[in-house]
Amino acid sequence: LYTTLFRSNGYPYVWMATIYSNNEDYGSALMACNLSLKFLPKQDKEYVNYAYIARALVFLALEDTTHAIDDYTMAIKYYPSRDGYQSRAQIYYELGQYNKADDDYNKIIEINSGDSFGYMGLGRNCIARKQYAKAIEHFNYVEKLTTEYASVYSFRAEAYFALKKWNEATDDIISALTIDTGDRKAFYLACSVEEPALSMLISKFKIQAAKNPNQPIWIYYNGIL
């Protein structure tokens, strides 16, 4: 790849950057990203987008969120996509910049109004602001878009718990774990509840165990509680 034939070709460098990143050789990955961006034809917007995202991931691994945000912004400029907005929104969320994260989640919705991830992001931001009723509204809409998505129930359960709506919260824990018995958020919430939610959840786990005798996971969860 380092022959004269490939030295000024940006495409191999993109994939080399990915390989270097996967092997945690971030210095070489950064160099490959820079070379790919130098030589890639600007009219190939999808590949340029990918190269910026690849470099953003390297910067994140180096804990350089400022340059990561800059690269996601450039990636979006060349080729607006869910991945770019989603990744940048996640950084904004972790930095506590919820308004900027909201903007990116709304962009995801503009790209595809049926994409539940945008509404999930808005709901999560509302929880972070302690706007629990508004968060529930977002999660309710996601439930209408897709009923087989465990996370909508576990995140909504968190909002219900904050509002002390124990019955709704525990029902959502059951729904999340019914769809995905390994849902970590639902399991964490279940292990964190206190009375009266604790007794309610134990009773509901017993009901699930009786309904599903071939699924010992419910007995296991009940034992933990």
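The values are calculated or read from the model by the stated rules, or taken from the named source; none is laboratory data. Here the structure is a predicted model, which means the values were calculated and not measured. Neighbour counts are summed over all protein chains in view; Cβ atoms, including those assigned to glycine, are modelled from backbone coordinates with ideal geometry. Just so you know, the surface numbers come from the protein's heavy atoms only, side chains and all, with ligands and any DNA or RNA stripped out. Shrake-Rupley method; radii C 1.70, N 1.55, O 1.52, S 1.80 Å.
Of 175, 145, 133, which is farthest along the charge dipole of segment 132-182 in the positive direction, counting Lys and Arg as +1 and Asp and Glu as -1 at C-beta?
Toward the positive end, the furthest listed residue is 133.
Modelling each spin label as a point 7 Å along the Cα-to-Cβ direction, I'd like the residue 181/residue 212 distance in nm, to one decimal.
0.6
Select from 173, 111, 53 the residue whose mean-square fluctuation is largest in a Gaussian network model of the chain (Cα-Cα springs shorter than 10 Å).
Of the options given, 111 has the highest mean-square fluctuation.
What whole-number value in Å² describes the accessible area per residue of segment 149-216 for a 1.4 Å probe?
Values: 3540 Å² over 68 residues.
Value for segment 149-216: 52 Å² per residue.
Looking at 216, 112, 57, which one has the Cα that reaches farthest to the positive end of the dipole of the chain (charges on Cβ: Lys, Arg +1; Asp, Glu -1)?
112
Using a basic spin-label model with each label point 7 Å from the Cα along Cα→Cβ, how many nm lie between residue 34 and residue 15?
Going from the residue 34 label point to the residue 15 one covers 2.4 nm.
What residue among 141, 92, 72 has the largest mean-square fluctuation in a Gaussian network model of the chain, using Cα springs under 10 Å?
Of the options given, 141 has the highest mean-square fluctuation.
Only one of the values [x] 47, 24, 12; [y] 41, 18, 12; [z] 43, 20, 15 was calculated from this structure for semi-axes √(5λ) of the Cα gyration tensor in Å; name its label.
The listed entry that was calculated here is [z].
Cross-link candidates for residue 211: which aspartates and glutamates have Cα within less than 16 Å, leaving aside residues fewer than 8 places away along the same chain?
By straight Cα distance, residue 211 reaches 171.
Restricting to Cα pairs below 8 Å that are 6+ residues apart, what does the relative contact order work out to for the chain? Please round to a whole percent. Intermediate values should be presented prior to the final figure.
Details: 284 pairs, mean separation 19.6, N = 225.
Result for the chain is 9 percent.
Percent of accessible area on the chain owned by carbon and sulfur, 1.4 Å probe? Could you put the intermediate results ahead of the total?
On the way: 6320 of 12150 Å².
Result for the chain: 52 percent of the exposed heavy-atom area is carbon or sulfur.
Extending each Cα 7 Å along its Cβ direction at residue 131 and residue 188, get the distance between those two points in nm, one decimal.
2.3
Please compute the contact order of segment 130-225 in relative form: average sequence separation of alpha-carbon pairs under 8 Å and at least six residues apart, divided by the residue count, as a percent.
22
Compute the label zone of residue 25 within segment 35-54: residues whose backbone N is under 16 Å from the point 7 Å along Cα-to-Cβ.
Backbone N within reach: 35-36.
For segment 14-106, report the accessible area per residue in Å² (1.4 Å probe, heavy atoms, rounded to an integer). Kindly include the intermediate steps, with their values, before the conclusion.
Working: 4920 Å² over 93 residues.
Here the residues of segment 14-106 average 53 Å² of exposed surface.
At a Förster distance of 45 Å, what's the computed FRET efficiency of residue 163 paired with residue 8, Cβ-Cβ distance as r, to 0.05? Show your work: numbers first, answer last.
Details: r = 60 Å, r/R0 = 1.33.
The value I calculate is 0.15.
Counting alpha carbon pairs within less than 8 Å and at least 6 residues apart, what relative contact order, in whole percent, applies to segment 72-127?
Numbers: 54 pairs, mean separation 15.6, N = 56.
28 percent.
For segment 143-198, give the magnitude of the charge dipole about the Cα centre (Cβ charges: +1 Lys/Arg, -1 Asp/Glu; no others), in debye to the nearest 20.
In debye, rounded to 20, segment 143-198 gives about 140.
Residue 157: net charge of surrounding residues, Cβ under 9 Å, Lys/Arg +1, Asp/Glu -1, itself excluded?
Numbers: positive: 156, 185; negative: 158, 168, 171, 172.
Result for the local shell: -2.
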